[in-house]
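As structure tokens, the structure follows; a few thoughts come after it.
Only the coordinates and a few stated rules stand behind these numbers; no lab work does. Values in this document were obtained by computation on a predicted structure and should not be read as measured data. Because the Cβ atoms are built from the backbone with ideal geometry, glycine has one as well, and the counts that use them run over all protein chains shown.
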Amino acid sequence: MKIAVGSDHAGFELKEYIKGILPPGEHEVADVGTHSPESVDYPDFGLEVARRVAAGEADRGIIVCGTGIGMSIAANKVRGIRAALVNDLYTAAQSRRHNDANVLVLGGRVIGKGLAEEIVKTWLSTEFEGGRHLGRIRKIDDFEKNTDR
Ligand code: RB5
């Protein structure tokens, strides 16, 4: 799987950790930055990861800021992106099964590395169930396409 990852300074350490748990044989990881703990603006990195996923340059995205909130707001502005802010394993699985989330958002100041690792593994390995959930996602897609906001 091609995975684009990104963070701001508050998510930098967790983003680096996550890269280490994505085996090169299984995943192709593209890191859009940031590349140091120096203060930066989260939209610069969240939007770039979202753009890559929406453009098909990556299959999935993983982004990290302090709370995950800013990154979620930014990524969900990009057409075709379903970014899920996840802090627990149940939501990690459900965001795939029911929402077909294509971007995972984590709060680097909210959860620890152990939980983040389990969330990432669960999120990457859980399939979308389709069926009635597909119809619901299509309603969001139609809104995106047909609403001039
Ligand atoms: C940075 O201080 C912090 O605001 C950012 O990482 C994020 O939590 C925003 O939502």
Notebook entry, point to check: aspartates and glutamates within cross-link reach of LYS2: Cα-Cα under 17 Å, excluding same-chain residues under 8 positions apart?
Noted result: GLU16, GLU26, GLU28, ASP31, GLU48, GLU57, ASP59, ASP100, GLU127
Margin query: Which three extents, in angstrom, do the Cα atoms of the chain have along their principal axes, listed largest first?
Written below: 40, 31, 28
Next item on the list: Return the long-range amide H neighbours of GLY80 (sequence gap of 5 or more, or a different chain), with a cut-off of under 5 Å between placed amide H atoms.
Entry: none
Check: Based on the Kirkwood radius over alpha-carbon pairs, what is the Stokes-Einstein translational diffusion coefficient of the range 61-149 at 10 °C with 1.306 mPa s viscosity, in µm²/s?
Finding: 118 µm²/s
Check: Any idea what the dipole of the range 80-149 comes to, in debye rounded to 20, about its Cα centre with Lys/Arg Cβ at +1 and Asp/Glu Cβ at -1?
Finding: 100 debye
Next item on the list: Mind listing the long-range amide H neighbours of GLU28? Cut-off is under 5 Å, sequence gap 5 or more, other chains count too, H placed in the peptide plane at 1.01 Å from N.
Entry: LYS2, ILE3
Next item on the list: Can you tell me the dipole magnitude for the chain around its Cα centre, using point charges on the Cβ only (Lys, Arg +1; Asp, Glu -1), in Debye to the nearest 20?
Entry: 560 debye
Next item on the list: Set Lys and Arg Cβ to +1 and Asp and Glu Cβ to -1, take the dipole of the chain about its Cα centre, and tell me which of PHE143, VAL103, GLY25 lies farthest positive.
Entry: PHE143
